[in-house]
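Undergrad: Please see the structure below; I have some questions.
Just so it is clear, none of the values below were taken in a lab; they were calculated from the coordinates. What you see is a predicted model, and the numbers here were worked out from it, not measured in a lab. Cβ placement follows ideal geometry from the backbone for every residue including glycine, while neighbour counts extend to all protein chains displayed.
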Amino acid sequence: MGTSDTKKQLELKALQFFARNDFERSNLNDIAKALGVTKGAIYHYFSSKEDLFLAAVNQLLDMMMDMFGQGLPRDIPINILLDNLFHMEEMMVEVSRSLGLEEGLNEYKNILYLFLTGIKKFPDLQERIDALYSGFTDSLEDLLNAGIVRGEIRRDVDSKAIAYEITAFYEGALLLGAFSNKKDYIVLGPRVCQSIWERIAVESVAAIEGRK
């Protein structure tokens with residue numbers, strides 16, 4: 001395994017560690033033991049606990065930006081895509097598992113903790129996190145605009161406002177779930193998206209049903 005691969009593996013293992021353990025109370029001895037390496041091995045690649053944490057969170061941001069940066073697919077109906085948005089936490093878990101992170105990132109509250117701790121310790125991370133959410137909202141707006149062009153969505157719909165509404169609800173629902181351990185968004189999310197779809201579709205489901 002090359003130097004860059006070893007460094008990346010340490011970052012991924014540290015990401016899992018920091019997702020489950022309080023940053024302030026952890027020391028390099030604890031971290032090295034959990035990662036299965038010596039403290040000297042950590043110092044070979046990172047100058048401090050803070051340096052390791054920053055690299056680990058940037059690794060998470062890279063992973064999420066890769067996932068969202070590809071954009072949302074435009075070749076299936078908009079209402080189906082809206083419904084699929086509420087399976088993204090499952091997608092994040094699968095991505096984490098593919099990287100060998102079976103534990104630690106399987107709940108949104110752990111990701112939220114990493115982001116909040118990161119912003120507190122490293123204010124410059126705010127710009128990258130903002131870019132992540134802006135990219136997600138922009139992808140939604142592009143998706144809605146594509147739906148307008150295809151004739152699925154009314155032309156008078158404000159796609160930017162709707163994209164923001166969907167993003168705000170999605171993040172808000174996950175945030176509530178993180179604090180309460182309830183997963184209401186799994187059931188209510190698709191219903192909310194259905195309600196949004198009824199407002200923006202050229203022809204609502206209710207209208208179609210009324211003709212039958």
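Undergrad: Suppose the chain between residue 160 and residue 66 were pulled fully straight at 0.36 nm per residue; how much longer would it get relative to their current alpha carbon spacing?
TA: Fully extending the segment from residue 160 to residue 66 adds 31.6 nm.
Undergrad: Within 10 Å of each residue's Cβ, count the other Cβ atoms and sort 155, 20 from fewest upward.
TA: On the way: 155 8, 20 12.
Ordered from fewest to most neighbouring Cβ atoms within 10 Å, 155, 20 come out as 155, 20.
Undergrad: Quick one: what are the phi-derived ³J(HN,Hα) couplings along region 158-168, Karplus 6.51/-1.76/1.60 with θ = phi - 60°, whole Hz, x for glycine and proline?
TA: 7, 5, 5, 5, 5, 4, 5, 4, 5, 4, 5
Undergrad: Order of 139, 26, 195 from fewest to most other C-beta atoms within 10 Å? Before the final figure, lay out each step's value.
TA: Values: 139 18, 26 15, 195 9.
With the fewest neighbours first, 139, 26, 195 line up as 195, 26, 139.
Undergrad: Between residue 124 and residue 20, how many nm apart are label points set 7 Å from Cα along the C-beta direction?
TA: In this crude spin-label approximation the distance works out to 3.1 nm.
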